[in-house]
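Working notes for the structure below.
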Amino acid sequence: MESALSKEIIEWSREDLHGARMQPMEKTKGKKRRSDPRSHGNRRELGFTFFFPEKSALVRSSIGAYAVQCEACLKWRLIDTEEEYEEIRSRFIEEPFVCSKKADVSCEDPTDIEYDATRTWAADKPNVPKTPKGFQRDLVLRKDFSKMDAYYITPTGKKVRALSEIAAYLSSNPDCKDLSPSDFNFMVPKIMADTIPAHIERKVSTSGSNKKRKKSENGDE
């Protein structure tokens, strides 16, 4: 499995904004592939890729690419910028993405990227509000790939990690009077365990074994 690229993805139905459903992967001729979404109802996906410069790098990944799935043909299209991706994601349920929204692209063109186990996929959530102007929304991947953490950088450079901190910042900054806590979202993409690089999986497994061993030595149950 390629460990240089890491990517995650999640699927949503129109009726279930808060419930994520990941379609199972099937093995075909020795290779993993996703089961055809056409057999699972009216769903689309959106996600992004992470890039790890070195195989041994466990943190400080950077998003390498953004991708969304066409409502009509189910092919994946790469999105050029974070701003464009956020625009699509913010209304992903009400306004499904189609290939024709990209210049000079149609459903007849080959997919831009395949979803398979050669990359680690990030399962992003639809309808996350666009990052307010002047703010920066960052995602940090934990060392063990267990999850991501979200935080915002304010126009004054302050890092905030919760809606309560956002509310306090907005109330103390008159320049943000047109914003409310509902304009911010701390939901994070889900790391798809079956696409995490093998050396990371072994590290997590080893760590768990060590903890069990220490408990056993101490007589803990």
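The values are calculated or read from the model by the stated rules, or taken from the named source; none is laboratory data. Fair warning: this is a prediction, and the values are worked out from it, not measured in the lab. Cβ atoms come from the backbone with ideal geometry, glycine included; neighbour counts cover every protein chain shown.
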* Which pairs do you get when a residue that is assigned by TED's automatic domain parsing to the domain that holds VAL105 and assigned to a loop (DSSP other than H, G, I, E, B), found in segment 56-79, comes within reach of a residue that is modelled with pLDDT of 85 or more and hydroxyl-bearing (Ser, Thr, Tyr), reach meaning Cβ atoms under 8 angstrom, with the pair 6+ apart or on two chains? -> LYS75/THR111
* Tell me which residues, restricted to segment 100-112, are surrounded by 16 or more Cβ atoms within 10 Å (Cβ to Cβ) and either small (Gly, Ala, Ser) or in contact with a Leu (Cβ under 7 Å, 6 or more places away or on another chain) (or both). => ASP112
* To do: From LEU139, LEU74, grab the single residue that is surrounded by 14 or more Cβ atoms within 10 Å (Cβ to Cβ) and more than 13 Å from the chain's Cα centre (by Cα).
  => LEU74
* Can you tell me which residue within segment 151-162, out of those that are surrounded by fewer than 13 Cβ atoms within 10 Å (Cβ to Cβ) and of a type outside the set (Gly, Ala, Ser), is farthest from HIS199 (Cα to Cα)? => THR156
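A quick yes/no check of all residues on (1) surrounded by fewer than 12 Cβ atoms within 10 Å (Cβ to Cβ); (2) assigned by TED's automatic domain parsing to the domain that holds GLU94; (3) over 24 Å from the mean Cα position of the chain (by Cα):
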{"site": "ALA123", "(1), (2), (3)": "no, yes, no"}
{"site": "GLY134", "(1), (2), (3)": "no, no, no"}
{"site": "ASP149", "(1), (2), (3)": "no, no, no"}
{"site": "SER164", "(1), (2), (3)": "yes, no, no"}
{"site": "ALA167", "(1), (2), (3)": "no, no, yes"}
* Unique match (being modelled with pLDDT of 95 or more and of a type outside the set (A, V, I, L, M, F, W, C)) among GLU108, GLU83 -> GLU108
